[in-house]
Amino acid sequence: TEVVIVPNPAAGGALVADAIVALVQRRPDAVLGLATGSSPLPVYEALRPHAALLRDVRGFALDEYVGLPAGHPQSYRAVIEREVIGPLGLDPARVRVPGDDLPATGADHETSLAEAGERYEAAIAAARGVDLQLLGIGATGHIGFNEPGSSFASRTRVKTLTEQTRRDNARFFTAPDEVPLHCITQGLGTILAARHLVLLAFGAAKAEALAAAVEGPVTSSLPGSAIQLHGRVTVVVDDAAASALR
Ligand code: F6R
């Protein structure tokens, strides 16, 4: 694992954007693993001047809430459209979010939801896997929405969000109760199959989870520690997020 300490999130964003640009220059239809939340925003920001290069890029988001009304502005499909597809000029048809192929409601919805994970895995495989996977880390140590206890072999599936994660994400909603109880997320096994993992963490609130993920025991109690099983990982942190590293 390579740990890069940057002076601020913008510098981290620029560094990762450079890696993505280099990848896309080699492979114009590169497959990016997209994260939502705050951590990857500086990357998307820094990619804007390179939008022309990204026309053929494909994307697979890590996760999505289950149970939000269609088109809800905080659904990750909507967030990815607003922050990634729109500003970077990606082709919306080439960017997938787990569960984005579900029928709107009804009995079909439930059956289809149970199978959505498998369909997502098949779509990633058909794109011949993820070249570069962006990751953030939650205070619980989650990556994607793989909360403590998630199997290292897990694949895209429906999960229950922890109370901690629902509280952490309440800032994006008008009321804490509005945060969904469930999500559909790439599994740790899915994430580990990407060819390059890039984990971003900024701010002191991430220091403990980050240090545990990078240096602690490899354990499903700290899902982020799964990155230690991968041969190519870049961790990009500011001083505050790096402060608990030894
Ligand atoms: C988002 C995701 C989550 C976040 C994590 C950190 O798609 O999978 O694991 O990366 O919750 O969130 P931020 O970056 O908002 O602190």
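Taking the conditions (1) surrounded by 22 or more Cβ atoms within 10 Å (Cβ to Cβ); (2) assigned to a loop (DSSP other than H, G, I, E, B) in turn, VAL16 satisfies each one other than (2).
What is the one condition in (1) in contact (Cβ under 8 Å) with a residue 12 or more places away in the chain; (2) not in a loop (DSSP other than H, G, I, E, B) that PRO148 does not satisfy? In the conditions (1) in contact (Cβ under 8 Å) with a residue 12 or more places away in the chain; (2) not in a loop (DSSP other than H, G, I, E, B), PRO148 misses (2) alone.
State the number of residues belonging to region 31-45 that are outside any strand (DSSP E or B), more than 6 Å from the ligand (Cβ to nearest atom) and closer than 13 Å to LEU62 by Cβ. So the count comes out to 1. The set of residues in region 78-110 being assigned to a helix (DSSP H, G or I) and closer than 23 Å to GLY189 by Cβ consists of ILE80 alone.
Is it the case that region 102-116 has a residue that's under 19 Å from ALA35 (Cα atoms) and within 16 Å of the ligand (Cβ to nearest atom)? For region 102-116, residues under 19 Å from ALA35 (Cα atoms) and within 16 Å of the ligand (Cβ to nearest atom): absent.
Looking only at residues of region 111-145 that are among the charged types (D, E, K, R) and part of a helix (DSSP H, G or I), we find that the one that is modelled with the lowest pLDDT is GLU115. Looking at (1) surrounded by fewer than 18 Cβ atoms within 10 Å (Cβ to Cβ); (2) within 15 Å of the ligand (Cβ to nearest atom), which one does TYR120 not meet, given that it meets all the others? Evaluating TYR120 over (1) surrounded by fewer than 18 Cβ atoms within 10 Å (Cβ to Cβ); (2) within 15 Å of the ligand (Cβ to nearest atom) leaves (1) as the failure.
Taking region 141-167 as the range and being more than 19 Å from LEU229 (Cβ to Cβ) and touching a helix residue (DSSP H, G or I) at 6+ places or on another chain (Cβ under 6 Å) as the test, only ARG157 passes.
Inspect all residues belonging to region 222-240 and state whether any of them is charged (D, E, K, R), part of a helix (DSSP H, G or I), in contact (Cβ under 8 Å) with a residue 40 or more places away in the chain and away from the ligand (no atom under 15 Å from the Cβ).
Here is the first cut: in region 222-240, the residues charged (D, E, K, R) are 232, 238-239.
Subsequent filtering for residues that are part of a helix (DSSP H, G or I) retains 239.
Filter again for in contact (Cβ under 8 Å) with a residue 40 or more places away in the chain, leaving 239.
Checking the rest, the ones that are also away from the ligand (no atom under 15 Å from the Cβ) come to 239.
Yes, region 222-240 contains at least one residue that is charged (D, E, K, R), part of a helix (DSSP H, G or I), in contact (Cβ under 8 Å) with a residue 40 or more places away in the chain and away from the ligand (no atom under 15 Å from the Cβ).
For region 194-239, filtering for residues that are surrounded by 15 or more Cβ atoms within 10 Å (Cβ to Cβ), small (Gly, Ala, Ser) and farther than 17 Å from HIS142 by Cβ leaves 0.
The values are calculated or read from the model by the stated rules, or taken from the named source; none is laboratory data. Keep in mind that this is a model prediction, so the values were computed, not measured. Note that we place each Cβ from the backbone using ideal geometry, even for glycine, and neighbour counts take in every protein chain shown.
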